Every structure is written in structure tokens, then in C-alpha cells.
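Here is the structure we will look at.
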Amino acid sequence: MKLVAAKAVPTHIISGFLGAGKTTLLQHLLTQKPEHEVWAILMNEFGQIGIDQQLIRQQSGYAVKELLGGCLCCSSQLPMQLALSRLLSETKPDRLFIEPTGLGHPAQLVEQLSEAHWHSSLVLRALVVVVDGSRLHDHAWVQQHLYTDQLKAAQIVVLSHVDAMTEMDHQAYVALQQEYQQQIQHWIAAEQGQVALQQLDVVQQLPQRKIQPLLKLQHAALDAESQPIKQLPYHYVETAQGFSVAGWKFPKRWQFNFDQLLDVLCAQQHWLRIKAIFHTDQGWKSFNFNPQQFNYKSVDANIDNRLEIICQTEQVWLTFETQLLACRIDTTPSDCR
């Protein structure tokens, strides 16, 4: 019997700064999967509690794996290599999508996946960076190191939140195109992440120069399967790369007053990103906040309630947690688990 060698998997890296719309783009791309194919998704979150994976529908034809607790671009390569190798061997996908954290360095990830070890397994497509069009007018935001670092690595830019762009945003977008015209191959304006896969199915062009190593995080990325959170409720706070992330997990049976919960979340200040899934008196809701847009919607029931907040300033988390727990509507005197 003649053995057929496995084909290298077309691999798309979907990067972008906090709240740019990476997951929205990914969700739309997944709707374009041919029925006979199997697609795999490797998602990376900066914190220890995964939110985005819960928003990707688990169904036949998809395999989703999540790496938590750091940036897979620049932390220890071992967790990423193990997770990716396992994902490829177990699912044998026809196409692979990798979504790094919004605090990631995609150039470092491209360098890792371009090593000889992966040549027979992966064919990298052009690096996609999602840019929030509604924040292009914010000089302080677009001058952040991580934001510019991601753009310098991009070959395709997908412009999101187009409907919320002001005249200043449009002017800044034209200036951005002029600044990066020699490097970025394609500029795509997208409404609600609606981009055709064929627009992104472009072979990655590797840079001629060697990418300089970046400082590693002080903690390694954690595989969600190997580091389960066994006891609920759960709360943590971590700091790395000048950013702090705080997260909470509560049991599925806990229910929260939606209006009070929304008020508490909207009242917070000095944060960069809020993502959550909660069981409320109005059904299960997901919250996806950036400083410009407070989005929430109904979702399927989740395995638990979960919340993560990313910020660059010190926060009094005990005060916030007290306010958060006050939104719970199913408490009993003895129920603290």
C-alpha cells in the first residue's frame, strides 16, 4: 500500500491590539468552512481565564484549543509547541487559525513558526493585523509600543469598526496607509468582520532581516487542559509587560441581575479591555468592552460565569469584587461555593 504524505496546513495568524475585533473576524471566517473540511483554532489569552474560546461555537468540523496565562508569541515556546503539535496530530486539520492575545508580538510568533521544525506541518499565510478604525484619531492609543509593533509585522490590515469612524479617523487611516505602503500588501475595510477567506489566503512573505528576540514574560504560558482551575469561585491578579489582568470565575448556577451587572461594568475606569460571560436574569450574556464600545449580546449557556479585565494602572479589586457580588440574585446564607 502506498503511503500518502500529510500536506502542510495553511495557517493564518489573526493579530491585533486589545478590542480590535480579532474574534469577530475569526467567527465570520469560520462560517466559510467547506462542509467536508476540518478547521482548527488555537487561541491565546493574556490571563488565566479563557473568554474567547467560549464564544466560538463547538461543533462538528471545528477543533478549538486555548493557551492561557501569557503571550504565546514571546513566552516559553514549549507550551505553544506542545499545544500546536497536539492540535495538529489529533485533528489533522485542513486549515489552522491562530489568534494571539491583543498584547502579543506577532513577529515573534511568525519567526517561531517559520523554523525548519514546522516546514512539513505548516504553510504560513500573510500575517493579518486587525486595526480598530474608530480609535485611529486617538494619538496616545496608536502610539503604544505593542500597537506599532504589530503593525510593523503586518502584511494584511483588516480595518474594523468602520461604521464608527469619524472624519479624523478616516484622515488617520489615509496617513497610516501612506506610512506602511511599502510593507503592507492589502488593506481591507470590514463591517462586522465580514471578510472573504480568499482575501487572506496569501502566502506569508518572510522578512529578510532577523527578528530580534523580545524580552520573555516572567511567567510561562499555561495550557488550559494541563492547568485546570479546580475550585470555584476563583479570582487572580497578574502583572506582565506593564499590564495587569484580573479575572474571576463563578459557578454556572450563580445568577446575576443584568441591569446591575451592566452598571457595575460600565462604571469602571482606567481599563483597556473587559470581557465576560454571565448567567443573568435576562439569560446568558457576553460582554465585550473596549473604551470606545460597550458591546453585549445573548449567548448560549456557558460552563460557568467568567470575567477578565486588563488595565495599565493599579486598581482596588476588592471594591470592584464587592460590587460585582452584590449583583448576584440567587445567594443563600450558606452558599459561598
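The values are calculated or read from the model by the stated rules, or taken from the named source; none is laboratory data. Fair warning: this is a prediction, and the values are worked out from it, not measured in the lab. Backbone-built Cβ (ideal geometry, glycine too); neighbour counts: all protein chains shown. Remember, those area values only see protein heavy atoms, side chains included, never the ligands or the DNA or RNA. Shrake-Rupley method; radii C 1.70, N 1.55, O 1.52, S 1.80 Å.
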Which one is farthest from HIS28 (Cα to Cα) among residues in the stretch 88-115 that are buried (at least 20 other Cβ atoms within 10 Å of the Cβ) and polar (S, T, N, Q)? GLN108
Name the residues in the stretch 114-146 that are part of a strand (DSSP E or B) and within 18 Å of the chain's Cα centre (by Cα), would you? VAL128, VAL129, VAL130, VAL131, ASP132
I'd like to check something: does the stretch 70-82 contain any residue that is of a type in the set (S, T, N, Q), open to solvent by less than 10 Å² (accessible area, probe 1.4 Å) and at pLDDT below 85? yes
Every residue from the stretch 147-177 that is open to solvent by 30 Å² or more (accessible area, probe 1.4 Å) and either in contact with a Ser or Thr (Cβ under 9 Å, 6 or more places away or on another chain) or part of a loop (DSSP other than H, G, I, E, B) (or both): HIS161, VAL162, ASP163, ALA164, THR166
Taking the criterion of being assigned to a loop (DSSP other than H, G, I, E, B) and open to solvent by less than 10 Å² (accessible area, probe 1.4 Å), would at least one residue in the stretch 272-284 satisfy it? no
Just to check your reading of the model, which residue among VAL316, VAL264 is at pLDDT below 90 and more than 18 Å from GLU45 (Cα to Cα)? VAL316
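Could you say which residue among VAL123, VAL128 is within 28 Å of THR31 (Cα to Cα), buried (at least 20 other Cβ atoms within 10 Å of the Cβ) and not polar (S, T, N, Q)?
Values: VAL123 fails: buried (at least 20 other Cβ atoms within 10 Å of the Cβ).
Matching residue, one of VAL123, VAL128: VAL128.
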Among residues of the stretch 299-328, those that are closer than 21 Å to LEU18 by Cα and within 19 Å of the chain's Cα centre (by Cα), counted: 7
Has the stretch 47-63 got any residue that is crowded, with 21+ Cβ neighbours inside 10 Å, more than 30 Å from MET168 (Cβ to Cβ), modelled with pLDDT of 85 or more and not β-branched (Val, Ile, Thr)? no
Answer residue from the stretch 254-271, given it is open to solvent by less than 20 Å² (accessible area, probe 1.4 Å) and touching a His at 6+ places or on another chain (Cβ under 9 Å) and is farthest from TRP141 (Cα to Cα) among those: TRP254
Cβ-Cβ under 8 Å pairs, at least 6 apart or on other chains, the stretch 282-298 side closer than 17 Å to PHE17 by Cα, far side open to solvent by 80 Å² or more (accessible area, probe 1.4 Å): ASN288/TYR296
